[in-house]
1. From the convex hull of the Cα coordinates of region 295-384, what is the mean projected area in square nanometres?
2. Of all the C-alpha pairs in region 209-331, what % are more than 26 Å from each other?
3. Ignoring everything except DSSP H segments at least 4 long, calculate the 222 nm mean residue ellipticity for the chain; use -39,500 (n - 2.57) per segment, divide by total residues, nearest 500.
4. Could you give the length gained on full extension between GLU120 and VAL35, defined as 0.36 nm per residue of separation minus the Cα-Cα distance, in nm?
5. Please list, or write none, the lysines whose alpha carbon is within less than 24 Å of the alpha carbon of LYS124, excluding same-chain residues fewer than 8 places away.
6. With a cut-off of at most 16 other beta carbons within 10 Å, and DSSP calling the residue loop, which GluC sites (Glu not before Pro) in region 44-138 qualify? Please list them.
7. Just reorder GLU170, GLU10 by solvent-accessible area, largest first, 1.4 Å probe, all chains present.
8. Carbon and sulfur: what percent of the chain's accessible surface (1.4 Å probe)?
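The values are calculated or read from the model by the stated rules, or taken from the named source; none is laboratory data. Fair warning: this is a prediction, and the values are worked out from it, not measured in the lab. Cβ atoms come from the backbone with ideal geometry, glycine included; neighbour counts cover every protein chain shown. SASA here: full protein model, heavy atoms, side chains in, ligands and nucleic acids out. Shrake-Rupley method; radii C 1.70, N 1.55, O 1.52, S 1.80 Å.
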Amino acid sequence: SVALKKNREEVYRLAYTDTNTGLPNQNMLMETLDVYIGRDEKQEQELALIYILLNGFDDICASYGCFAGNLMLVETAKRILSRECPSCKAYYYNGPGFILLVDMKNACRTVQETIESILEDLSKPMDIQGNYHRIGANCGIAFYPKNGSDFNTLLMQAITALFWAKRSGEGTYASFNQSMSEELVKKTQIRNYLRKALENQEFFLEYQPQIDGSTKEITGFEALIRWNSPEMGVMQPNLFIAIAEKTGLIISIGDWVLAQACQDMRKINEQNHTSFTVAVNVSVVQILNDTYVSRVLNTLSKERFPLNQLELEVTETLFMDHDSRAITRMNQLHDHGIRIALDDFGTGYSSLSTINDLKLNTIKIDKSLIRRSDVQELTTMMIHMGHMMRLGIVAEGVETEAEMKELEEAGCDRLQGFLFSKPIPFEKVGPFIQKYNETRF
Ligand code: C2E
Ligand code: CA
Ligand code: CA
């Protein structure tokens, strides 16, 4: 009967449609994909599965409620649908996720063109209940049959590509390739092996000299951590510090770095009759640990290292948390006589005036700035301002004599970089000091 038919159509509609956006849902997507993939293999059907992930969906839900979130999905669906064509079908997938299936053989545009137009549409502000929100999105792409031959594999790879793209900012996209998942595997490996690295004594420190800008004498050394992993070889900090921060392992690793650096530098100073400073990098995760201040002070007294010869290097992430505890704690250490340096200056958002709350001794100008053509103008200005605030200026990443000359003329207090020395292991520091003092700049 007519009623029964209507009923069946309604059931069908509910099963295959996302009721909020009106787009076909995951059930429909999987069946469609099965049809494509199940086709005669000789036809060499080529498909692109594009995963689109909205940014800021959770924030909207948290601040304005689920209803606003749903409206946001409806508006997104509308924008994506406006780019649909017979060979390019949109589906609602899950949460803030949408999927496009593109039949590559019959496509009216390239996958790239489709994605770029959609990302542009989604970067435009959305009017949600009278409030304008700029949300934006990222895309990841996997191809059938190149990247996989079932829905789950293709989806996983598209998601991997998406998160890979997302690291270079909003509105970006990437197609899956094998090295992306290898990188993911490597990250998991690093996380696992990192847990036992400290107790197995797999970390060691290297030291890079800092040179007085005018006299060219050595003033001290920065300690830089390395990890000699039996499974993966010697690892540079950029590969594992972020993971150590996420897992909290940085807290105990950081304690070890500080103790080792003080112990090493005390020996160096005793053997060479010097009073060099040692600079130690500190992550904000360490500082936010509640006993940080007392642990630092205990370590220094245990290693019998003078407080005013330790310089702790922090970055602008200290100001990003809107959490004043970290700043208060660094100020406490400063009041005890420990020197505080702001690392990587010029890469973040802060200017000399926004960092007023932090009691600083030193600013380290990032090496990316040293490489700029207007380095002299820039550093002269920074050095001028820094000196007015009674701050010492260190330039890192000095590689050429020309750079050294320019920085010297600009009045830079300390210089650090490959021109003087690469970071060297503890055993080589003594011989370096002797050789440097003979030849010297
Ligand atoms: P950073 O504090 O900015 O350290 C300077 C980096 O620049 C070091 O890389 C150093 O080897 C490199 N470098 C020095 N001179 C030159 C030069 O002339 N040219 C160029 N191109 N590079 C130069 P490294 O040792 O790979 O350290 C990377 C980052 O890892 C450090 O950046 C620091 O943020 C972090 N890090 C290192 N050790 C520790 C640690 O013990 N604790 C924490 N939390 N982070 C650390
Ligand atoms: Ca540093
Ligand atoms: Ca730096």
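1. Approximately 6.6 nm², given one-decimal rounding.
2. Of all Cα-Cα distances in region 209-331, 27 percent exceed 26 Å.
3. -14500 deg cm²/dmol
4. Full extension from GLU120 to VAL35 adds 27.5 nm.
5. LYS78, LYS89, LYS166
6. Here the sparse-neighbourhood loop sites are GLU44, GLU46, GLU84.
7. Output order, biggest surface exposure first: GLU170, GLU10.
8. 51 percent
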